[in-house]
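The values are calculated or read from the model by the stated rules, or taken from the named source; none is laboratory data. What you see is a predicted model, and the numbers here were worked out from it, not measured in a lab. Cβ coordinates were reconstructed from backbone atoms using ideal geometry, including for glycine residues, and neighbour counts include every protein chain displayed.
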Amino acid sequence: MVVDGIADETGETVDRLFHALADATRRDILRRCVRGELSVSRLAAAYPMSFAAVQKHVTVLERAGLVTKERRGREQLVRTDPDAVGRARQALDELESAWRARVDRMSGLLAEDTDATGESGATAPDENTTKGPDR
Amino acid sequence: MTVTSVDKDVEHLTLTLVADFTAPVERVWQLWADPRRLERWWGPPSYPATFEEHDLTPGGGATYYMTGPEGEKFGGWWRVSSVTPPTALEFTDGFSGQDGRPNPEMPTTSVRMTLTGHDGGTRMELRSVFDTREQMEQLAEMGMVEGMSQAVGQMDALLAG
């Protein structure tokens, strides 16, 4: 089955992505690193938690594919992976078009009721409903 | 414009959409509350939805399937967390497996919908949070995005005619 197959292939990746985004500190780290790469020690200074704790957050983000980590000298530099953010954005775009289409169909149905002089019989059509959905 | 605003929060994977209808609140509510009305808009024309169970009470829910052009069926379910007829509904929407039972492997979407009287019509505010981007990719795989584009096209044609 198509649907099940997709779940098996990507379920784990998606779980990681969602887990990574579920934490406020990690979302904040993402935000900071979008503007440019930052070292883990610089990040650690920004939060009331230990270096190790921040490093742990970065590791979660890295496993989810949201950031990349690169060692330069003694520093570990963190950078937000724009592709992962782009994928989330694309998913929202698709969710938007799904709901826009649903809203269009809802409008169409409501206009249809009016045209058919109240198929649902729920409420008498008033003058506001006679012009149909706007485009 | 029926859809008056859309906000997409990438970090929280949340879509907030506001739509204004000219019909009164009760009629818009019926689009959700009457399963025969609901199945006329939930799925796109090429993947129409059939609701088998539909119980909009807290703890209740719905089961439905969408039928594709080749007769293939994709099952789904709702679990209602709160309902205030005729103005608010909160539910989780998920996929079912071949046995018709909720498939725990599949991602779910949480939907919060409210209706308020606005300018003689109805304002619908909808917040949809998907746990993962996967669900929409799956819907795209099922050809639904294409189906939705067709639906919008049909609507435009109707309005132009």
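For beta carbons closer than 9 Å, sequence separation of 6+ or different chains, a first residue in region A:27-51 that is closer than 14 Å to A:T68 by Cα and a second that is of a type in the set (F, W, Y) and part of a helix (DSSP H, G or I), the qualifying pairs are A:V40/A:F51. Entry remark, region B:5-30: residues being without any contact (Cβ under 8 Å) to a residue 40 or more places away in the chain and more than 7 Å from chain A (Cβ to nearest Cβ) number 3 in total.
For B:A23, the requirement of being of a type in the set (A, V, I, L, M), on the phi < 0 side of the Ramachandran plot, part of a loop (DSSP other than H, G, I, E, B) and surrounded by 17 or more Cβ atoms within 10 Å (Cβ to Cβ) is met.
Every listed requirement among (1) modelled with pLDDT of 75 or more; (2) within 13 Å of another protein chain (Cβ to nearest Cβ); (3) out of contact with any helix residue (DSSP H, G or I) (no Cβ under 7 Å at 6 or more places or on another chain) is met by B:Q135 save one, (1).
Residues B:T122, B:T116, B:T50: which one is crowded, with 19+ Cβ neighbours inside 10 Å, in contact with a strand residue (DSSP E or B) (Cβ under 9 Å, 6 or more places away or on another chain), among the hydroxyl-bearing types (S, T, Y) and part of a strand (DSSP E or B)?
On the way: B:T116 fails: crowded, with 19+ Cβ neighbours inside 10 Å; B:T50 fails: crowded, with 19+ Cβ neighbours inside 10 Å.
Step by step, each of B:T122, B:T116, B:T50 is checked, and only B:T122 is crowded, with 19+ Cβ neighbours inside 10 Å, in contact with a strand residue (DSSP E or B) (Cβ under 9 Å, 6 or more places away or on another chain), among the hydroxyl-bearing types (S, T, Y) and part of a strand (DSSP E or B).
Screening B:W42 against (1) assigned to a strand (DSSP E or B); (2) within 13 Å of the chain's Cα centre (by Cα) leaves a single unmet condition, (1).
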